[in-house]
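Peer 1: For reference, the structure I am asking about is given below.
The values are calculated or read from the model by the stated rules, or taken from the named source; none is laboratory data. Please read all numbers here as calculations on a predicted model, not as lab measurements. For neighbour counting, all protein chains shown are included, and Cβ atoms are generated from backbone atoms with ideal geometry for every residue, glycine included.
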Amino acid sequence: MVLMYFLLGAVAFWAVQALLGWAKREGVALVWYHWLGVAVVALWALFVAAWIGTSVAEGYPQAATAGGLIFGGIGVVLFILLRLLIVKTARRTGASA
């Protein structure tokens, strides 16, 4: 279980590094509400992964599947909305997305 949480933290760190690299390459200035959105989506994704991992570890694969589909679907929608917000801001400032 500890290894799972360590890996989740490593993936979250990698995602933030990838976002920073993309923003630097594209010349996009990320403002506070972008970072707030990134934090919400990252925490949501970590919640989904933890839900699935702990449900499987406790022997409830149906709960893992149902929770993964429901919460994962919401996470995908949140990610798409955040991406659209960042791209819209990038176009407004003249950077290419």
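Peer 1: Give the residues of segment 35-57 that are over 21 Å from V77 (Cβ atoms) and either crowded, with 17+ Cβ neighbours inside 10 Å or touching a Leu at 6+ places or on another chain (Cβ under 9 Å) (or both), sorted by residue number.
Peer 2: Selection gives G53, S55.
Peer 1: Within segment 44-60, is there a residue that is in contact (Cβ under 8 Å) with a residue 12 or more places away in the chain and among the polar types (S, T, N, Q)?
Peer 2: Yes; the residues of segment 44-60 include at least one that is in contact (Cβ under 8 Å) with a residue 12 or more places away in the chain and among the polar types (S, T, N, Q).
Peer 1: Kindly evaluate W32 against the criterion of being of a type outside the set (K, R), loosely packed, with under 11 Cβ neighbours inside 10 Å, modelled with pLDDT under 90 and under 19 Å from the mean Cα position of the chain (by Cα).
Peer 2: yes
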